[in-house]
1. May I ask you to say which residue of ALA36, ALA5, ALA32 is within 14 Å of the chain's Cα centre (by Cα) and at pLDDT below 90?
2. Filtering the stretch 69-91 down to residues that are β-branched (Val, Ile, Thr) and crowded, with 19+ Cβ neighbours inside 10 Å, which residue is modelled with the lowest pLDDT?
3. Here is a list of conditions, (1) in contact with a Leu (Cβ under 8 Å, 6 or more places away or on another chain); (2) over 29 Å from VAL19 (Cα atoms), and ALA63 meets all of them except one; can you say which number that is?
4. So if I check each of THR81, THR91, which one is polar (S, T, N, Q) and outside any strand (DSSP E or B)?
5. Any idea which residue in the stretch 94-132 is farthest from the chain's Cα centre (by Cα), counting only those that are part of a strand (DSSP E or B), of a type outside the set (A, V, I, L, M, F, W, C) and over 14 Å from VAL51 (Cα atoms)?
6. Pairs only if they're at least six apart or on different chains, beta carbon under 6 angstrom, first in the stretch 7-19 and closer than 17 Å to ALA98 by Cβ, second modelled with pLDDT of 55 or more and not in a loop (DSSP other than H, G, I, E, B); list them, first residue then second.
7. Among the listed residues GLU121, GLU132, identify the single one that is under 18 Å from VAL61 (Cβ atoms) and charged (D, E, K, R).
8. Scan (1) surrounded by 18 or more Cβ atoms within 10 Å (Cβ to Cβ); (2) out of contact with any helix residue (DSSP H, G or I) (no Cβ under 8 Å at 6 or more places or on another chain) for the single condition ILE115 breaks and write down its number.
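The values are calculated or read from the model by the stated rules, or taken from the named source; none is laboratory data. Keep in mind it's a predicted model, so treat the numbers as computed, not measured. Here the Cβ is made from the backbone with ideal geometry for all residues, glycine too, and neighbour counts use every protein chain on show.
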Amino acid sequence: MTWWAFSSRFSPDPKAKAVQKQRQRDAVRALAAACARPDAAAIAPLLSADVEAVVDGGGTVPAPTTAVRGRAPVSELIERTLWAHPGLGVTEQEVNGAPGVVLRAHDTVVGVISIGMRGAEIAAVWVVVNPEKLGHWDIR
């Protein structure tokens with residue numbers, strides 16, 4: 001799977017782009033709410049049946065070394081990532097120019113989640129927990 005497979009940025013129709021952007025905002029809002037619990041059962045319905053997740057732990061944070069596929073495994077992966085940090089705060093924030101989720105523990109960013117959409121479902125999830133890649137998020 002590639003990031004551009006779910007991108008609407010190549011669509012010539014501005015209305016289609018606006019609709020897709022709103023769907024992504026809605027999906028991120030729902031994902032952030034489910035992550036705030038955190039609850040795999042609340043995350044799962046937001047995902048497509050064939051969703052794929054990639055986690056970047058940078059070799060310093062425990063993370064799967066291959067993509068995780070499927071609604072239940074991906075929702076459980078997200079839940080485990082969230083439970084790794086007690087007192088985790090979840091906020092919606094722009095990630096790489098698109099709506100995303102930022103995870104903070106004690107005012108330090110410990111993770112960033114971005115998504116790819118297929119229609120109204122989340123079809124791709126990218127989770128960055130690599131501390132080397134998160135340092136710039138803590139700059140205020």
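1. It is ALA36.
2. Going through the qualifying residues, I end up with THR81.
3. Of (1) in contact with a Leu (Cβ under 8 Å, 6 or more places away or on another chain); (2) over 29 Å from VAL19 (Cα atoms), only one is false for ALA63: (1).
4. Being polar (S, T, N, Q) and outside any strand (DSSP E or B) holds for just one of THR81, THR91, which is THR81.
5. THR108
6. SER8/LYS17; SER8/GLN20; SER11/LYS17
7. On inspection, the qualifying residue turns out to be GLU132.
8. Failing condition for ILE115: (2).
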